[in-house]
Structures are given as structure tokens and as C-alpha cells.
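Only one structure is covered here, and it is reproduced in the block below.
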Amino acid sequence: MLSPDKLQRINELAKKAKTTGLSIEEAKEQTSLRKQYLETFRNTMRDTIEHVKVIDPEGNDVTPEKVKEKRHNKLN
């Protein structure tokens, strides 16, 4: 998870970009922070999806094979 300070800084830079614009250093910082945010988001989403078990209304496990394989490979 990205720290609250970094999230706050992302929001500050976004607001400043819309109002007064960013300096070159601030634009680089914004790009770096956005990359960190997206990497964290993707990792969290990937981890969540890999731990989901899909059950149909009849109680059968219908989790996609690709997800089952990823989960199995992580455990081994």
C-alpha cells in the first residue's frame, strides 16, 4: 500500500497541474509517484484475483483454470 503522504502528494501535484502548472522537477516527481501508485494497485489487484474462489449457484467451484494454476504455482 502506498503511504498516505505519497497519496496526498499525488493529489497536491494533480491539483497544482490543473491550476498553475508544474515545474519540470514536479512533473518528474508526479510521474514517479504515479508509477509507484499503479504498481501497488496492480500488485494488490493481482493478489486479490489470485485468491478468489468462484462458486456457481449449485455450489460448484468454477474458478478459471488460469487462476487456479497461478495460485498453485505460488504455493509451490
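Name the helices (runs of 4 or more DSSP H) wholly within the chain that hold at least 3 residues that are exposed (fewer than 12 other Cβ atoms within 10 Å of the Cβ) and at pLDDT below 95? So that I can check it myself, show each step before the final result.
Working: elements: 4-19, 24-50, 65-75.
Because the criterion is at least 3 residues that are exposed (fewer than 12 other Cβ atoms within 10 Å of the Cβ) and at pLDDT below 95, the helices (runs of 4 or more DSSP H) in the chain that meet it are 24-50, 65-75.
Which one of these is in contact (Cβ under 8 Å) with a residue 12 or more places away in the chain and in contact with a helix residue (DSSP H, G or I) (Cβ under 6 Å, 6 or more places away or on another chain): Ile10, Ile49? Explain how you work it out, then say what you get.
Numbers: Ile49 fails: in contact with a helix residue (DSSP H, G or I) (Cβ under 6 Å, 6 or more places away or on another chain).
Unique residue meeting the criteria: Ile10.
In segment 1-55, how many are among the aliphatic types (A, V, I, L, M) and more than 30 Å from Asn73 (Cβ to Cβ)?
First pass over segment 1-55, keeping only residues among the aliphatic types (A, V, I, L, M): 1-2, 7, 10, 13-14, 17, 22, 24, 27, 33, 38, 45, 49, 52, 54-55.
Filter again for more than 30 Å from Asn73 (Cβ to Cβ), leaving 7, 10, 13-14, 17, 22, 24, 27, 33.
Residues flagged as among the aliphatic types (A, V, I, L, M) and more than 30 Å from Asn73 (Cβ to Cβ) within segment 1-55 amount to 9.
The values are calculated or read from the model by the stated rules, or taken from the named source; none is laboratory data. Remember, it's a predicted structure, so these values are computed and weren't measured experimentally. As a convention, Cβ positions derive from the backbone with ideal geometry for all residues, glycine included, and neighbour counts pool all protein chains shown.
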